[in-house]
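Comments concern the structure below.
Please treat every number below as a calculation from the coordinates, not as lab data. Since the structure is predicted, the reported quantities are computational estimates derived from the model, not experimental observations. Note that each Cβ is placed from the backbone with ideal geometry, even for glycine, and that neighbours are counted across all protein chains shown.
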Amino acid sequence: MPKKRRSISQVKEDISIRVLREKLPREWVVHSYGADYGIDCVVELFDFIDDSESIAETLGENFFVQLKSSDCIEYCTRKAYARGNVTKGNLTEDKSDFVEIPVAKFKLDISDVLTVQSIGIAIPVLLILVDTNTEKAFFICLNDYIDKVLIPEDPNYSKKDSKTIYIPLENEILDDEDALIPLRAYGKRSKMYGAFSLFNYQLKEINRLQGKAAVQFPVSFDEAIEMVNNFIVIALRQDIWSGHEFWKPMVWSQKELIQLQIDIDKEVKPEHYEHLLSYCSEVVWHKLTNLSNMYEELVREWFMPTLLATLTSARPK
């Protein structure tokens, strides 16, 4: 009777898990799943809360991981052409304008791709590819890759058995605060989508105060001011403002909310009421609700193997 044996795939799997844990901050937690149904683990983000770094507290942020490994990864360059906004229409490319992006290629089963697509976009699933020779690890957000690269380039991809995924080599995972910016951004994604929904609701209610809604409810001056002030408190209470310092629109919107709160606390006179509501709807909440548009068109394309990503991704300079 033969002794117990380990396959090379099991060895590579153990290497990839070890490499991932070594690349991530020691305070982050990797929760492994059991049977492989397309998600291998969940990474939960923690931050130390004391100078001696003896206690770490959860941020309530996480991302899913499909962890893959290989000892024969093909490295090459991918031509990324200037193109129209794939969110708004079919793919159109300008073949005369392109950049060459160094990438790692990995063939992914369509069943894995379809699993990620069914999860939706609010919970990020990262494909993390570990080179078992060099012990380097690279990431790509599959939710975004599907919408921004895969579907525009191959609308009939679901009929295939597999698809080659191109992972920019700049997407290397390193335990360095600047290099962790993408992972922190993905960890906060579900909070961002919750905030976007909230901001849209608040804007509609401010529009109602302005008489712009089909159904009107009588609200006194004092009640309206209290409502706007409450909206500010709730908006600022969202756990989205820290950890997004690299995305300037977030910084600007937070400052505008804080300043508006200060102005309201100084007391709003009835003759300034209409001006206040206009400023809220046309400036402050207009920018807050526009965050979701910019997130869809720009942020979700960050770290993709596309020309736009090379221009806009939040990478350390």
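Brief remarks follow.
- Restricting the chymotrypsin sites (Phe, Trp or Tyr not before Pro) of the stretch 29-88 to loop positions (DSSP other than H, G, I, E, B) with no more than 15 neighbouring Cβ atoms within 10 Å leaves Tyr33, Tyr37.
- Residue-averaged 222 nm ellipticity for the chain, from DSSP H runs of 4+ at -39500 (n - 2.57), nearest 500: -11500 deg cm²/dmol
- Here the Karplus curve 6.51 cos²θ - 1.76 cosθ + 1.60, taken at θ = phi - 60°, turns the phi angles of the stretch 272-282 into couplings of 9, 4, 5, 5, 4, 4, 5, 5, 5, 7, 8 Hz, with x standing for Gly and Pro.
- Cα-based helix-to-principal-axis angle, 248-265 vs the chain, degrees rounded to 10: 30
- Quick note on the stretch 189-296: its Rg to Rh ratio, both from C-alpha atoms and Rh being the Kirkwood radius, is 0.97.
- The charge dipole of the stretch 1-187, taken about its Cα centre with unit charges on the Cβ atoms of Lys, Arg (+1), Asp and Glu (-1) only, comes to about 1200 debye.
- Sorted by Cβ neighbour density within 10 Å, fewest at the top, the residues Lys95, Lys148: Lys95, Lys148
- Of the residues Met304, Met192, the one with the fewest other Cβ atoms within 10 Å heads the list, and the complete ranking is Met192, Met304.
- Ascending count of other beta-carbon atoms within 10 Å, so fewest first, for Arg300, Arg83: Arg83, Arg300
- Rg over Rh for the stretch 1-142 works out to 1.05, using Cα positions for both radii and the Kirkwood form for Rh.
- The charge dipole of the stretch 257-317, taken about its Cα centre with unit charges on the Cβ of Lys, Arg, Asp and Glu (plus for the first two, minus for the last two), comes to roughly 420 debye.
- Against the chain, whose longest principal axis is taken from its Cα atoms, helix 285-297 shows a tilt of about 20°.
- Using only side-chain charges placed at the Cβ, +1 for Lys and Arg and -1 for Asp and Glu, the dipole size of the chain relative to its Cα centre rounds to 1240 debye.
- The shape of the stretch 236-293 can be summarised by an equivalent ellipsoid whose semi-axes, obtained from the alpha carbon gyration tensor, come to 24, 13, 7 Å from longest to shortest.
- The gain in end-to-end length when the Lys287 to Asn200 segment is fully stretched comes to 30.3 nm, 0.36 nm per residue minus the alpha carbon separation.
- Against the main long axis of the alpha-carbon atoms of the chain, helix 221-237 sits at an angle near 20°.
- Label point at Glu53 placed 7 Å out along Cα→Cβ; residues across the stretch 177-216 whose backbone nitrogen lies under 13 Å: 177
- In units of the compact-protein estimate 2.2 N^0.38 Å, the chain shows a Cα radius of gyration of 1.18.
- Value of relative contact order over the chain, rounded to a whole percent, pairs C-alpha under 8 Å and six or more apart: 17
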